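**Student:** To start, I am sharing the structure in question, which I have written as structure tokens.
Read-outs throughout are calculated quantities, based only on the coordinates presented, and are distinct from any laboratory measurement. The structure presented is a predicted model; accordingly, all values stated were derived computationally and were not measured. Note: ideal-geometry Cβ built from the backbone for every residue, glycine included; neighbour counts use all protein chains shown.
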Amino acid sequence: MKLDLNNWNGRVLVCAHCDDELLNCSSILQGSLVVIVTNGDLGRPIDCNMSVEEYAKERLAESTRVAARYDVAHLVLLEYSEVELNAGNPKILEKINNLLEYCNPETIYIHHWNSQHPGHKVLGQWALNNWADKYFTLYFCDQHHAPKENPVIGVSLGDEQWKKKLENILSFHTQSNWLPQHVMTNVGHFKEEGFWR
Ligand SMILES: [Zn+2]
């Protein structure tokens, strides 16, 4: 694997789906290496006029555009089917392990092990079981999980940051059947980004 890590800040964000990087981590996207594990194929609405392949391609393109707007150092698209991640396919864990060994990060941000989303939960559990005492620092973040404890790091987005985040959320046209409404009914939640240890 060839990665250009010249402008990299040492952070890796591991996300299950296209849009998780923005929903959970907009405040730390700049300069980070972002890994998106799946192609988001299961998110396809039933009335979608694109094939599964076209839909997945479009989701990856949406995240690629968001990554450019946020000056992400590098975007890695692993393009696994969501079914494989939800089932905890060990090949995916091996792939992520190889990537981490290759780039040697200082900090990793990943979904919470208690997330209500099955794909998120798999990643959080892997992190907890495999990487808790590795060389890097682990943080957990997830909009599908609301821990009772206060986050170790809490970020309140300023007006400009929120405006940019919202504009980019609305640019995920493949998710327009639910995402804008979900975000607008939970605005406070998306304006505050929390990172737990
Ligand atoms: Zn997700």
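**Student:** Criterion first (of a type in the set (A, V, I, L, M) and touching a His at 6+ places or on another chain (Cβ under 9 Å)) does Leu123 satisfy it?
**Tutor:** For Leu123, the condition - of a type in the set (A, V, I, L, M) and touching a His at 6+ places or on another chain (Cβ under 9 Å) - is met.
**Student:** Under the condition of being free of Cβ contacts under 8 Å to residues at least 60 places away in the same chain and near the ligand (Cβ under 10 Å from one of its atoms), which residue from region 16-41 is nearest to the chain's Cα centre (by Cα)?
**Tutor:** That would be Glu21.
**Student:** While we're looking at this one, here's another question. Restricting to region 100-128, give me the number of residues that are more than 16 Å from the ligand (Cβ to nearest atom) and without any contact (Cβ under 8 Å) to a residue 40 or more places away in the chain.
**Tutor:** Going residue by residue through region 100-128, those that are more than 16 Å from the ligand (Cβ to nearest atom) are 100-108, 128.
Restricting the remaining residues to those that are without any contact (Cβ under 8 Å) to a residue 40 or more places away in the chain gives 101, 104, 128.
Matching residues across region 100-128 total 3.
**Student:** Please work out if Val52 is closer than 21 Å to Lys191 by Cα and β-branched (Val, Ile, Thr).
**Tutor:** Working: closer than 21 Å to Lys191 by Cα: no; β-branched (Val, Ile, Thr): yes.
Here the answer is no, as Val52 does not meet what is asked.
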